[in-house]
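First comes the structure, then the notes that go with it.
Nothing in this text is a laboratory measurement; each read-out follows from the coordinates by a stated rule. These numbers were taken from a predicted model, which means no experiment stands behind them. Please note: Cβ atoms are built from the backbone with ideal geometry, for glycine as well, and neighbour counts cover all protein chains shown.
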Amino acid sequence: METTDVKNILGLQLPTDPRWVNLAGISLEEILTDHAYCEQKAATSCISLIQRYSDKDKLVRELSPIVTEEWGHFRLVLAELDKRKLKLGKQRKDDYVNELMKFQQKGGSQEDHFLDKLLIFALIEARSCERFKRLSEGLEDPYLRNFYRRFMESEAGHYHLFIELAETYVDKTKVRQRWQEWLNYEAGIIQTLEVRGDRMH
Ligand SMILES: [Fe+2]
Ligand SMILES: [Fe+2]
């Protein structure tokens, strides 16, 4: 995938999350730890969606294998830590996700709520994809570059799936409109994180 393709697919307002610009200043242990939790959260988020929306057949069928895939990702990251005798550190507070949650519609219809959930997950997948792209280009070790390239492709697929699920259950025009609102809001979060100089979650 070329850089421009990724940008087009993601449709994000800003190309790069500033938390991931200065890779040299971040230890591999921190990168892998942060990544491990991101995969773990992806798996548990899919499980929550399945539990909450068990009446939506397509969602249940499509997200079930993603749970396995995300958990597999978590195990791959653990294996990389073990291989290097690095430790899985503590989970950090996730300011990015916490800020995203604030934009969810309060008091809207069930459909609005459902749509927001799917779009939040789409955004998180899109940003993961972008982060992995950054790592696949910025790390020194060719093995790790390839490692992250594969993650990048996988998360891009998940981003697509969440948008596709939204369009399955909600009117497409409404999905597009709300997605645009989310993109604008998300761009603001990234800017705030940049101003505060946060490096990672
Ligand atoms: Fe993943
Ligand atoms: Fe994912």
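Quick notes on this structure:
- Theoretical FRET efficiency, 1/(1+(r/R0)^6), r = Cβ-Cβ of Q104 and R84, R0 30 Å, to 0.05: 0.20
- Sorting the segments 182-188, 81-87, 49-55 by their mean number of nearby beta carbons within 10 angstrom, highest to lowest, gives 182-188, 49-55, 81-87.
- Listed by chain and number, the lysines whose alpha-carbon sits under 18 Å from that of K93, ignoring those within fewer than 8 places in the same chain, are K41, K102.
- Efficiency of FRET from Cβ geometry, S64 and Q177, R₀ 35 Å, rounded to 0.05: 0.75
- Basic side chains Lys and Arg get +1 at the Cβ, acidic Asp and Glu get -1 at the Cβ, and with that the dipole of segment 26-196 about its Cα centre reaches some 300 debye.
- Cross-link pairs exceeding 23 Å in C-alpha to C-alpha distance, out of K58/K106; K56/K174; K133/K172, comprise K58/K106; K133/K172.
- Cα gyration tensor shape for segment 17-79, rounded if a/c is under 1.5, else prolate or oblate: prolate
- Base-10 log of normalised Debye intensity for segment 55-144 (one unit scatterer per alpha-carbon) at q = 0.16 Å⁻¹: -0.95
- Using every pair of distinct Cα positions in the chain, the Kirkwood expression returns a hydrodynamic radius of 17.5 angstrom.
- Relative contact order (%) - criterion: Cα under 8 Å, at least six apart; region: segment 26-196: 20 percent
- C-alpha center-to-center spacing [segment 126-193, segment 50-110] in angstrom: 13 Å
- Fewest-first sequence of V77, V97 by Cβ atoms within 10 Å of each Cβ: V97, V77
- The overall shape of segment 100-140 is prolate: from the C-alpha gyration tensor, with semi-axes ordered a ≥ b ≥ c, the ratio a/c is 1.5 or greater and a/b exceeds b/c.
- Cα-based helix-to-principal-axis angle, 57-83 vs the chain, degrees rounded to 10: 10 degrees
- Sum of -39500 (n - 2.57) over DSSP H runs of 4+, divided by residues of the chain (222 nm, nearest 500): -25500 deg cm²/dmol
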